[in-house]
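In what follows, a single structure is set out as structure tokens and then discussed.
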Amino acid sequence: MNKLRHFLWLCSGAHFSLLKRAPTDTEKYAGIGATIFFTGLLAAISAGYALYTVFDQVWIAALFGLVWGLMIFNLDRYIVSSMKKSDQKWQEWKTATPRIFLAVLLAIVISKPLELKIFEKEIQAELIIQEQAIWKQQEDTLRARYGEQLARLDSQIIQQERAIVAQKAKRDQLEMLALQEADGTGGSRRPNLGPIYLAKKADANKADLELQAMELALSETQMQKGQLDQSINAEIIALERKPYNGLAAQLDALQILTKKSTAIFWANWFIMLLFIAIETAPVFVKLISSRGPYDDLLEPVEHNYSKRKVRLMAKSNFDTENYLEALNQDKSKEVARKSAQLHQAQEV
């Protein structure tokens, strides 16, 4: 139990020797240390999950998550330990404002990956819809490159089919005239297979040959369109279908879900507010808590350190001034000595 308490004191950034002399503040700083520790732990889990969605490697995610968690832990520990209690509440809040903004920013960064994990099923369903939309857009873009050729072939096929229908009607009409000439129901009104019948039959046969040629041309055009469709389908199959499940895609999906669903919108906000409350809790605990024995013990220690620092600086300045003064005296003596030597040399 003592080891756990010492660990939590260490997390809070408190001085053990002073805190042991202020037993009424031990639980307060243990609670602050626990909050800082669990904030760092949540940051490590959040960053690890975020990196796992990017690299899909457990060891990379675990390593980066550990480093990120330690950084957040150390930053929170510094923020709380650097806040000193005083009798001027407004000055305390003014000093803590930048730290609160930083804590809010960290909370938002930490909460996002965990929000993605909480709404994972809904996000995956939304990603499938977005993935299909992206693939359809790729296919439409590819088909648009061949749009002019497809339109030309379709128009040509329609024209050829209309021409074939007209040609069939023409051939059937000519065959009927030839038949009526042969059985006497039309034409000369006398049954015969003479020159008139042969001429009409020749016209019908010619129309039939023209019809066959038109049908062959239609078949060739349809074959060209089929080959073009096969080429387009082959290119569509060859398109790279990468999974659409990256970190940015998940964030976009979550944003879309918050717009679609009111429940997800409010749940998303409450989760973020929860992490903001957790991240800013140590700072607000220091702000709203009254000045305790630990703060009273810490103040003279810091004051004595400041006085010693001033004395050391004064001593250093004094030593520097003495050194410069001695250096100037030595230079003056050297100049006088050289001047005397020069004067003696002139007398000789």
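Every number in this text was worked out from the coordinates using simple rules, so none of it is lab data. Computed from a predicted model, the values in this text were never measured in an experiment. We place every Cβ from the backbone using ideal geometry, glycine too, and count neighbours over all the protein chains shown.
Extending 7 Å from Cα along the Cβ direction at LEU247 and again at GLU131 yields two label points whose distance is 2.0 nm.
When ranked by the protection proxy of mean other Cβ atoms within 10 Å per residue, highest first, what sequence do the peptides 9-17, 127-135 form? Could you put the intermediate results ahead of the total?
Details: 9-17: 17.9, 127-135: 13.8.
Ranking the peptides 9-17, 127-135 by packing returns 9-17, 127-135.
Report note on the peptides 166-178, 137-149: ranked by the mean count of other C-beta atoms within 10 Å, highest first, their order is 166-178, 137-149. Pairs with C-alpha atoms separated by more than 30 Å, drawn from the list LYS28/LYS121; LYS117/LYS286; LYS170/LYS225; LYS200/LYS225, are LYS28/LYS121; LYS117/LYS286; LYS200/LYS225. Summarising the label geometry, the points placed 7 Å from Cα in the beta-carbon direction at LYS168 and GLU215 lie 0.9 nm from one another. Protection proxy ranking of 59-65, 248-254, 281-287, by the mean of other Cβ atoms within 10 Å over each peptide's residues and highest first, is 281-287, 248-254, 59-65.
Given the Cα-Cα distance of PHE270 and GLN124 and 0.36 nm per residue of separation, how much length would full extension add, in nm?
That works out to 50.4 nm of additional length.
Mean projected area of the convex hull spanned by the Cα atoms of the range 136-238, taken over all viewing directions: 7.8 nm².
Full extension of the chain between GLU148 and SER82 gives 16.7 nm of extra length, using 0.36 nm per residue less the Cα-Cα distance.
Please give the FRET efficiency for LEU41 paired with LYS94, using the beta carbon to beta carbon distance and R0 = 35 Å, rounded to the nearest 0.05.
On the way: r = 31 Å, r/R0 = 0.88.
Given R0 = 35 Å and the Cβ-Cβ separation, E is 0.70.
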